2 protein chains.
Amino acid sequence: MNRAEVEQFLQQQKQRLEESLPHYIARLNAPGTIKRAMSYSLEAGGKRIRPLLLFATLHSFGKEPDIGLPVACAIEMIHTYSLIHDDLPSMDNDDLRRGKPTNHKVFGEAMAILAGDGLLTYAFQVIAEMSDARIVPATKIRLIEELAKAAGPEGMVAGQVADIEGEGKQLSLEQLEYIHRHKTGKMLQYSVLAGALLADAKDEQLHHLHTFASHLGLAFQIRDDILDIEGSEEKIGKRVGSDIENKKVTYPSLLTIAGAKEKLSFHIAEAKRYLQKAEINDSVLSYICDLVATRDH
Amino acid sequence: MNRAEVEQFLQQQKQRLEESLPHYIARLNAPGTIKRAMSYSLEAGGKRIRPLLLFATLHSFGKEPDIGLPVACAIEMIHTYSLIHDDLPSMDNDDLRRGKPTNHKVFGEAMAILAGDGLLTYAFQVIAEMSDARIVPATKIRLIEELAKAAGPEGMVAGQVADIEGEGKQLSLEQLEYIHRHKTGKMLQYSVLAGALLADAKDEQLHHLHTFASHLGLAFQIRDDILDIEGSEEKIGKRVGSDIENKKVTYPSLLTIAGAKEKLSFHIAEAKRYLQKAEINDSVLSYICDLVATRDH
């Protein structure tokens, strides 16, 4: 695939995902309020980087991306739940997300907590209910198990706990990396893993893709920190400079901006190196690496 | 089994469950705070009625209860997460639960939300990771699917939403029943269903046990409402009379105390009638019906 074809592929997959998400909510036999609260954040847009990683991984193995659609929706539900809960007054207390009022600002705190709980629980239902004959039961169970690990107390939740406990403290680079490896890294890794599992990847390929995704995840976070200094508020959809204002420890604060950019380049290069080792058609995944390195929102 | 044997059976299963729960938390590779917050509520005791229903159902099919231990632990994790979130200031704002300070009173709101999220997610991991050769993959997937349905936006979450939206309103009996059928009923039903699925029950038996559990769930809730009027604070571990004080719509408020007691008897009788139809060894489940009807905490 050339660059234009890759962009078209990603655009198509994003559209497909965004067309599917409303159906999953619509079919729920549940009170209107909770469905609206779940939809509000799920359909608020965003980069959809996690589902796109899954589709790109499937493509890299020559598989039809549609086999991964339910898992991609489940991943986006988990990601959305984490944003809703992170934004709550007792957590980050954010009023805006992607340029729109946060969930609890619109629906109130109680409903926002429940919308998060609902999305988290429903994600597992969506995977368990997949009726695709191409997916054997053992793969389905592995997808559920790994999703729970990536999202739960050993994964994303651990990262959020460490983030909260690190607030106002001078963290080491190691502590900062623990937070990012868990808070954002685990779900990014899961997105690649899920694609590879659905494509029946060999153990060695799983291993290389795991390391690929680990570097990509850190690169993603470093770019986030840089954008909070150099980015445009309009493009990001939230205030810039908040890290410095909140005295948050970031890659630039530990390494200087130049040091952070160097580290970003290092992780992108490592990601690409492990991508090569996996011996797959890496055109789309490699493009995503460049996207992560240079994104402006 | 005679009454003494049934009591011994239930006591043994409860003990087994309570010995297992700490191991599930201990093995987690997660920050100490979140493990302590999860344990605090998970190991706070309680009646353990849901796990006991699962073990009793297995027994009624002549199965060893140990086959259900991981699912029983997962059920108790989900139940505990729901209590932690329900107690939050933006929900019921409760300071005490089972005579102890609520989770957010000890660990703070952010950690309580995360402990709930962690328990909810981990519950699915625990089922997905079961390595018992007696449980085929299709059963495992069904157990996960039904758990997500019972706990999620079509189940327990729907009940909590309806409960919040009904606050301060004059509800009809139908609306009150919607709340209870979802908020407590769905997880009680799941506990019986999970036991029956693990015992390879026939479809007809599943059907009768589903109706049995539905009546038992309502009976459980009616007894709860009666206890808030007639119960002893010391035995319940929380304040009595709070429903009247908060002008909460309950079975006694809609039907009078005598009417509520009559309805309780009706649902217990119906539960027992459907239990008979299932053609199983009903000694333990029948005892639990009597326990629910007469419990003082």
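Just so it is clear, none of the values below were taken in a lab; they were calculated from the coordinates. Predicted model, so just to flag it, every value in this text is computed and none were measured. Positions of Cβ are generated from backbone atoms using ideal geometry, with glycine treated the same way; all protein chains shown enter the neighbour counts.
Enumerate the aspartates and glutamates that B:Lys272 could reach by cross-link, defined here as Cα to Cα under 18 Å, with residues fewer than 8 away along the same chain left out.
Partners found: B:Glu204, B:Glu262, B:Asp282, B:Asp290.
What is the sum of charges around A:Ala44, taking Lys and Arg as +1, Asp and Glu as -1, for the other residues whose C-beta is under 9 Å from the C-beta of A:Ala44?
Working: positive: A:Arg97, A:Arg98, A:Lys100; negative: A:Glu43.
After counting each charged neighbour, the total is +2.
Please list the non-local residues whose amide H lies under 5 Å from the amide H of A:Leu96, H modeled 1.01 Å from N, same-chain partners needing a gap of 5 or more.
A:Thr102
How do B:Lys169, A:Lys140 line up, fewest other C-beta atoms within 10 Å first? Before the final figure, lay out each step's value.
Details: B:Lys169 10, A:Lys140 25.
So the ranking, lowest neighbour count to highest, is B:Lys169, A:Lys140.
Would you kindly work out, in nm and rounded to one decimal, the distances from the label point of A:Asp200 to those of the same position in each other copy, ordered shortest first, with label points 7 Å along Cα-to-Cβ?
A:Asp200 label point versus its equivalents elsewhere: 2.9 nm.
Take the residue pairs A:Lys235/A:Lys261; B:Lys202/B:Lys261; A:Lys186/A:Lys261 and return only those whose Cα atoms are more than 24 Å apart.
On the way: A:Lys235/A:Lys261 20 Å; B:Lys202/B:Lys261 34 Å; A:Lys186/A:Lys261 22 Å.
Long pairs (Cα-Cα over 24 Å): B:Lys202/B:Lys261.
Gain in length, B:Lys202 to B:Asp296, computed as 0.36 nm per residue apart minus the alpha-carbon separation, to one decimal in nm? Spell out each step's value before the answer.
Details: separation 94, 0.36 × 94 = 33.84 nm, distance 3.50 nm.
The B:Lys202-B:Asp296 span can extend by a further 30.3 nm.
Residue by residue through the range A:166-172, which ³J(HN,Hα) values in whole Hz follow from phi under the Karplus form 6.51 cos²θ - 1.76 cosθ + 1.60 (θ = phi - 60°), with glycine and proline marked x?
The phi angles translate into x, 4, x, 10, 7, 8, 7 Hz.
If each residue's Cβ is checked for other Cβ atoms within 10 Å, how do B:Asp296, A:Asp203 rank with the fewest at the top?
Numbers: B:Asp296 10, A:Asp203 6.
Listed from fewest to most nearby Cβ atoms, that is A:Asp203, B:Asp296.
Compute the signed sum of charges (Lys and Arg +1, Asp and Glu -1) over the other residues within less than 14 Å, Cβ to Cβ, of B:Glu262.
Working: positive: B:Arg223, B:Lys261, B:Lys263; negative: B:Asp225, B:Glu270.
Once positives and negatives cancel, what remains is +1.
For A:Arg36, project a label point 7 Å along Cα to C-beta. Then give me every residue of the range A:100-131 with its amide nitrogen under 19 Å of that point.
Hits in the range A:100-131 for A:Arg36 at 19 Å: A:100-119.
Provide the gained length on full extension for the span A:Asn29 to A:Gln8, in nm with one decimal, where the gain is 0.36 nm per separating residue minus the Cα-Cα distance. Please list the in-between numbers first.
Details: separation 21, 0.36 × 21 = 7.56 nm, distance 3.54 nm.
Once the chain is fully extended between A:Asn29 and A:Gln8, it gains 4.0 nm.
Return the sequence-ordered ³J(HN,Hα) values of the range B:31-36 in whole Hz as given by the Karplus equation 6.51 cos²θ - 1.76 cosθ + 1.60 applied to θ = phi - 60°, using x for Gly and Pro.
Residue by residue, the range B:31-36 yields x, x, 4, 5, 5, 5 Hz.
What net charge is computed for the residues neighbouring B:Lys63, neighbours being all others with C-beta under 11 Å from the C-beta of B:Lys63, Lys and Arg scored +1, Asp and Glu -1? Don't skip to the answer; put the middle values down first.
On the way: positive: B:Arg134; negative: B:Glu64, B:Asp66, B:Asp200.
Summing Lys/Arg as +1 and Asp/Glu as -1 gives -2.
How high is the FRET efficiency between B:Arg16 and A:Ala258 when r is their beta carbon distance and R₀ equals 45 Å, given to the nearest 0.05? Mind showing how you got there, number by number?
Numbers: r = 59 Å, r/R0 = 1.31.
Approximately 0.15, to the nearest 0.05.
Past 31 Å, Cα to Cα, is the threshold; run B:Lys105/B:Lys140; B:Lys14/B:Lys35; A:Lys169/A:Lys263 against it and keep the listed order. Don't jump to the answer; show the numbers that get you there.
On the way: B:Lys105/B:Lys140 36 Å; B:Lys14/B:Lys35 22 Å; A:Lys169/A:Lys263 22 Å.
Among B:Lys105/B:Lys140; B:Lys14/B:Lys35; A:Lys169/A:Lys263, the Cα-Cα distance tops 31 Å for B:Lys105/B:Lys140.
Note down the nm distance, to one decimal, between modelled labels 7 Å out along Cα→Cβ at A:Arg239 and at A:Lys277.
4.3 nm
Of A:Tyr24, B:Tyr274, how do they rank once you tally other Cβ atoms within 10 Å and put the fewest first?
On the way: A:Tyr24 21, B:Tyr274 18.
Going from sparsest to densest Cβ surroundings: B:Tyr274, A:Tyr24.
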